[in-house]
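The values are calculated or read from the model by the stated rules, or taken from the named source; none is laboratory data. Everything numeric here is computed off the predicted structure, so don't read it as measured data. Every residue, glycine as well, gets a Cβ built from its backbone with ideal geometry; the counts of neighbours run over all protein chains shown.
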Amino acid sequence: MRETEIRAAWYGLESCEKCAIRHLVLFADLTSKDFGVIHLPIEDIWLPPGTALYQQDQSAEALFTIREGLVKLEQYLADGNYRIVSLLGQGDVAGLEATISPHYEHTAVALVPTKVCRLPREVVARLTPQLNRQLMSKWHGMVQRSQQCVRELSTGSGGEASAVIRERVMAARAIQSRRFRNSKATTNAAMSSRQTRDHCKLDRESSTYLEQAMEQLHFSARAHDRILKVARTLADLAGSDPILANHILEAIQYRSLDRALFM
């Protein structure tokens, strides 16, 4: 079940003005006067991993701004299979089709603990002139990401050149060869529990992130060690001796996706 905090519109103004991602959301350009026409509540909704925000073909009654977390959009096919068409993160909008269609075109599912703002379509319709720039910006961003994906699939381009990636991988393998020169293990993935403790020491910030993930996402002890091993490899690929907070966060995200995409 999803947890909901309902904030009336007259409280919503203060909340939106203090929002840490105000510059990213649909209401970024609104003034106090604009909020005066809102008579429906704006909800803050917490979604546990695996929870559906809405289903494909469901009546499209609202748009959702992603404040925290990660959401995948799924499209179910006639043969019963489905494909993941997009991943939405902080500042993205789910359910944009609600502005022009009576039904949702995809199923939206939270991959990690996610917080969204629910914007009733009546509110969006009433404020369309004021929201026009932000709506167009969101649509444009979605189209650009889709076009980029098509270009990369058709040309094989995107990101780093293969030669650069190969150099980084070879450098990381050399680091691991030196690390395990007196051990039966040859890679980070093969580390024992003791080796993981020795080679995957975390600073306070990284340790806090990992502890929070273990508690909120209910990871097992095995998952804990796997996250550390992946983080160690990410640090090696970056040429970093210490495991930094961004390495831990990326490893947690990979583990979350691995579990959520196939649940």
Worksheet item: Limited to the range 46-61, what total is found for residues that are more than 20 Å from the chain's Cα centre (by Cα) and touching a residue at least 60 places away in the same chain (Cβ under 8 Å)?
Response: 2
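Residues are listed down the side, and each one gets a yes or a no for (1) on the phi < 0 side of the Ramachandran plot; (2) in the same structural domain as residue 234 (by TED's automatic domain parsing); (3) at pLDDT 55 or above:
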{"residue": "80", "(1), (2), (3)": "no, no, yes"}
{"residue": "111", "(1), (2), (3)": "yes, no, yes"}
{"residue": "118", "(1), (2), (3)": "yes, no, yes"}
{"residue": "166", "(1), (2), (3)": "yes, yes, yes"}
{"residue": "170", "(1), (2), (3)": "yes, yes, yes"}
Fill in: Criterion: out of contact with any Ser or Thr (no Cβ under 7 Å at 6 or more places or on another chain) and at pLDDT 80 or above - qualifying residue of 197, 133
197
Worksheet item: Of all residues in the range 177-218, how many are under 15 Å from residue 250 (Cα atoms) and small (Gly, Ala, Ser)?
Response: 3
